[in-house]
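To start, the structure under review is shown below, and the notes come after it.
Any read-out appearing in this document is the output of simple, stated calculations on the displayed coordinates, not a laboratory observation. Here the structure is a predicted model, which is why all the values come from computation and not from measurement. Neighbour counts are summed over all protein chains in view; Cβ atoms, including those assigned to glycine, are modelled from backbone coordinates with ideal geometry.
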Amino acid sequence: MEDQIEQAVAIAIQGAGDPSLRQQAMDFCNQVKSSADGWQMCLSMFTGDRKRSNESRYFALQVIDNSLGNLGPQQLQLVRENLFKYVQAGVVSGSPSSLEDDAAYMRNKIAQTMGYLFIVAYADTWITFFDDILELLPANGSTFGNAIAVDMYLRILKVVHEEIGDNLIIRPLPLLRRNSALKDYIRVRDVNKLANSWAEILGFYTSPANIVTSNANLVNEIIDNCLKVIGGWVSWIEITLIVNPVLLDLIFGLLGNQKQRISACDTISEIILKKMKPSDKLQLIKLLNLTNVVAQLPIENSDIDFDERVAKLCNVIGLELIGILDDTNAANSGEAATPELQQAAENMLLSMFPIILRFLTNEYDDTSSQIFPVISEYLGFVRKESRKEKRKVDTSGLTKDALGQILNFPADINFVPANRLAILPELLNKLIMKAKYDSDTDWVADKDDSDGEFLEIRSRLKLLQDLIAGIEINIYMEGMSSVVNQCLGTGSKNWREVELGLFQLSAFSESLRNGAVNVIKGVQTPANLCLFEMFVKMVNSDAILSINHPAIQLEFMELVVRHASFFTPSESQLLHRVLQVFCSPLGIHNSNSRVQVRSWFLIYRFVKSAKGSIGSIAETVLNSISSLLTIKAELPKKDDDSELSADAAAEEGTFDSQLYLFELCGLIIASVNDVDTQIQLIERILQPIFADTEQGLRQSGGNGGRNTDPLVALQIHHNLMALGTFARGFDDSVPAIVAAKGAIPKKVYDSRLLQEFKNITQVSIVALETLPCIEILRDSSRFAFSRLIPILGTNILDEISRLINALLSECKTTELVDFLGFLGHLVHSYQSERGVFEMLGNMLNGLFTRIFASLDDVDNAGTSGSTDALVMRSDMRKAYLTFLFNIINNNMSAVFMADANKSVYENVLKSVLHYSSDLSDPTSTRQAVLALNKMIQEWGSGQIRPPPPLTEIFGNGLKIEGFEQFLLQVSVLCFEFSSKPGFETGDAQSRIILGEFGSLQKQIYLQKGDSFITYLRGSYLPSVGVPADIIDRYCETLCTVDQKEFKKFFISFISQLTGK
């Protein structure tokens, strides 16, 4: 059987071979694990005379581990005897089963199993566990001369700590109680001898004269593991067992040993982290003389790991001193720190700051970041104490503005002791300079991991700078402005210096915005003035122009856009200089594609924000942009021959970013005051696009676009997108005018300008009608029209009708979703325009025929369960119901009452009733119920009536046939909805929808009054078996409470009625 196990393990872990054979092997191994006697077979295999493969031995120990908790006393005794006998033989050097020959992972596994055995046996059956192992350690006349045994002893101790003493592992309460009991047993029985053994082991193996093995690696492992055992166990044993002259001298002595100093450093950190009273903790730090020890340790860039560990030790010491200082240790120790103790802790901490600053300036970020926590905690403590003092100020006699803001509050310096203030200037300077790119680090366009790590370091440094700003604003302003002015000065030639200045200027600005720097709203504070002065320094800096580096160019433009409010008409020089940079090879004409493309967006944002100040230089900016307006389509790469979609059309090239330039052109031209000049500039932009589109249509090959070259189609698509984007920019920049008092503000355009934009509609319609089969042209035509409607309004109803007919003839369901949104926006924007009402009425039959066909298609596709099909079904339903809601809500519901549209009206009622009862898509169900509610509000009276405060409506007084009978169907659905598949009263979505049905009941009552109560009381509710007293309570509640309360009542009522 043992051979079978070994063979099965070998097959199961191999990476190749027959899969079925591997599965059989794994099944066999699992049978061994789960069988009642599997542990015995594995114990025999592991401890037998024949040494098996490492893989099978490892598996055997796993099986034993899994079984230990289920074994009885006699079985545990058997495991103990065999395993200990195996270890006893294995620690003999040169024996056939010597542990020295095992790989480290096997020794760790043996130690782990011994540790598990300790957990189940130490309390009652193997109380001599540690004594028995210690007896294995002597050799060659020395108590700890058996290096193999000492190595296994320490590995077992590490496992014991990991299993019962490691507080980083979250364990259930029963295990915590078990572990607590085991630790108590150890403290009573063995801890003294164990602690003594650690000192003796360190003393023995750090003395070259005592080394009796030629295995230097084993000696190093022994020392390393001994230090780790001390560092682990110190957290739950008496501190005096560790803090004694002999052991401390050995540990501190290892700080000078290049191979063990990292472990020694970690061990000292763990000793310092031992929980104790504040007075004891401070005494421990003084006793260990750690501030002097750390100061004397060599910082060698050749050993980065050691430097990092020393920085970590420094951080641990500092945090423990801060714990005394702010008394956070009181909760754990039960003793509060006295003021004298706190002052002593702060003095010691401040004496460490030169060391902290030394690590902060270390060239390796992994080292310097180790002391960020202590800096953060101390600055946070100082700020908290400062605020505490500020709250003591009597503000009754201070000057306040209308908003209650205090204008003459005492300066920050009055609330911070001098010893704390003294460290801030140098600390701030070190933090600022640490954010600079290293000399061997370059900025890269595509952020790699190292650059991402540096940016993370920067963000953490900024948080520390913000803490200083919250303590003493003047120190912060002086430090920041000094560095920014120096980095952006005329002598700056290094891109890293200039980039640092831009970064810190951005950091200062962000600190003002996020509240790290206190400012008074509406008042020009020193901080606001400081920011403006630094910003002006940046704009006027020759370094921005002279150093051609993408990082500087991008950060400069980003800062300018973020502070566009600084560019008032009185700051025209600043504006001209910034536009000079934007329109130069440093900006929109940059040779670096990333900078160039990003600058197109940024100049658009800048001009949009500062458009009131552009004025006379508009044409100059346009001249600079004009060479970038040539559209050149690039086909995206595809893996198949499918039609190019609208989303894919924008994936290749820079066209998406180029659209910002067209929108910018619209913004700029709209800001020109002279109409003749505007027309001239508009034609200058549009005519090349018109001509290119005309040429593309000539090359299209006809046949509706079925034979058109995809590149030609994409070029026309881009042209239409550019035209629509230009129109949007123009419209966004035109202010609305109030024609009369109380009137709604409207934008007014000169008729000559309207004609220019109407030309765009003509081009778009011709392109669409010529090539209706091409999806991307249907999309771009709709896009262009949606941007032109706000400008042209009802002047293009004929064109819109043509657009709709062309789109409906070919559009897919995915396009119909967006198209219905477009129509809904049109209906909402022109709800009082008869022309739009009549247009909608004329196209209603064809439109809804297409809608219902698509709804049927997506319903059928949804039965497949495909995620894409279900999403499409949900999107189509929501688009339809939203469009329907828009028609009714925007006073155009009379379109359904025309003789030609009666079939549409009937199908609409059926569809909404159907979707209101279909819980397969709860979002659409709720939308359908809301649409029903709107129908009842508008049509419940049986006539088309204007909703208050309107007095007129299309089709006013028109009779609505058959709706009263429909109301009864809706009322029945309100009560039957809870029986529909998928309804659960406990489900949040089901309860929300049920509440909306309650709103329907209330709405029907508001429309029909007592006749509805009579129907419920005398007909429907008795017919479904509702008792008379419950009917009376229901009807009374329906008549008396408001809609909000009735929704709650209805949910409760249905739940009680159905028992759900």
* Cα long-axis angle, helix 867-889 against the chain (0 to 90 degrees, to the nearest 10) -> 40
* Asked: If amide H atoms are built 1.01 Å from N in the plane of the peptide, which residues on other chains or at least 5 residues away come under 5 Å of the amide H of Lys400?
  -> Leu407
* Asked: Can you give the net charge of the other residues whose Cβ lies under 11 Å from the Cβ of Ser95, counting K and R as +1 and D and E as -1?
  -> -1
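If packing is taken as the average number of other Cβ atoms within 10 Å across a peptide's residues, how do 967-977, 195-205 rank, most packed first? Intermediate results must be reported in sequence, preceding the final value.
Working: 967-977: 17.7, 195-205: 20.7.
Top of the packing list down: 195-205, 967-977.
Taking the Cβ of each residue in Met26, Met935, Met534 as the centre, tally the other Cβ atoms inside 10 Å and list the residues starting with the fewest.
Final ranking by Cβ density, sparse to dense: Met26, Met534, Met935.
Which order do peptides 850-861, 369-380, 798-809 fall in by mean Cβ count within 10 Å, highest first?
369-380, 798-809, 850-861
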* Asked: What order, most packed first, do the peptides 1008-1018, 779-789 have when packing is the mean number of other Cβ atoms within 10 Å of each residue?
  -> 779-789, 1008-1018
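What shape does region 224-372 take by its C-alpha gyration tensor, where a ≥ b ≥ c are the square roots of the eigenvalues and a/c under 1.5 counts as rounded, a/b above b/c as prolate, and the rest as oblate? Don't skip to the end; give the middle numbers.
Details: a/c = 1.99, a/b = 1.21, b/c = 1.64.
Judged from the Cα gyration tensor, region 224-372 comes out oblate (a/c at least 1.5, b/c at or above a/b).
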* Asked: Which FRET efficiency, nearest 0.05, do Leu455 and Ala418 yield, Cβ-Cβ r, R0 30 Å?
  -> 0.25
* To do: Within the set of other residues whose C-beta is less than 11 Å from the C-beta of Ile547, count the net charge using Lys and Arg as +1 and Asp and Glu as -1.
  => -1
* **Paramagnetic label zone (point 7 Å from Cα along Cα-to-C-beta, Asn108; backbone N under 16 Å) in region 171-206** => none
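Rounded to the nearest 0.05, what FRET efficiency is calculated for Asp674 and Asp440 with R0 set to 56 Å and r the Cβ-Cβ distance?
0.50
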* By how many degrees, between 0 and 90 and to the nearest 10, does the Cα long axis of helix 1028-1040 differ from the longest principal axis of the chain? -> 70
* To do: Excluding residues on the same chain fewer than 8 positions from Lys1008, give the aspartates and glutamates whose Cα lies under 17 Å from its Cα.
  => Glu938, Glu961, Glu964, Glu1036, Asp1042
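Sum -39500 (n - 2.57) across every DSSP H segment of at least 4 residues in the chain, then divide by the residue count to get the 222 nm mean residue ellipticity, nearest 500. Please list the in-between numbers first.
On the way: 48 runs with 707 residues, N = 1060.
Mean residue ellipticity, 222 nm, calculated: -21500 deg cm²/dmol.
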* How many angstrom separate the Cα center of region 761-794 from the Cα center of region 313-384? -> 67
* Asked: Which option, [x] 40.4, 115; [y] 35.6, 114; [z] 35.4, 122, is the value of Rg and Dmax of the Cα atoms in Å that was calculated from these coordinates?
  -> [x]
* Asked: Tilt of helix 526-540 relative to the longest C-alpha principal axis of the chain, in degrees (0 to 90, nearest 10)?
  -> 80
* Near-label residues of region 684-699 by backbone N, under 17 Å of a point 7 Å along Cα→Cβ of Gln755 -> 684, 686-687
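Measure up Lys228/Lys274; Lys158/Lys277; Lys51/Lys109; Lys85/Lys228; Lys430/Lys462 against 19 Å on the Cα-Cα distance and list the ones that go over.
The pairs that break the limit, which is 19 Å between Cα atoms, are Lys158/Lys277; Lys85/Lys228.
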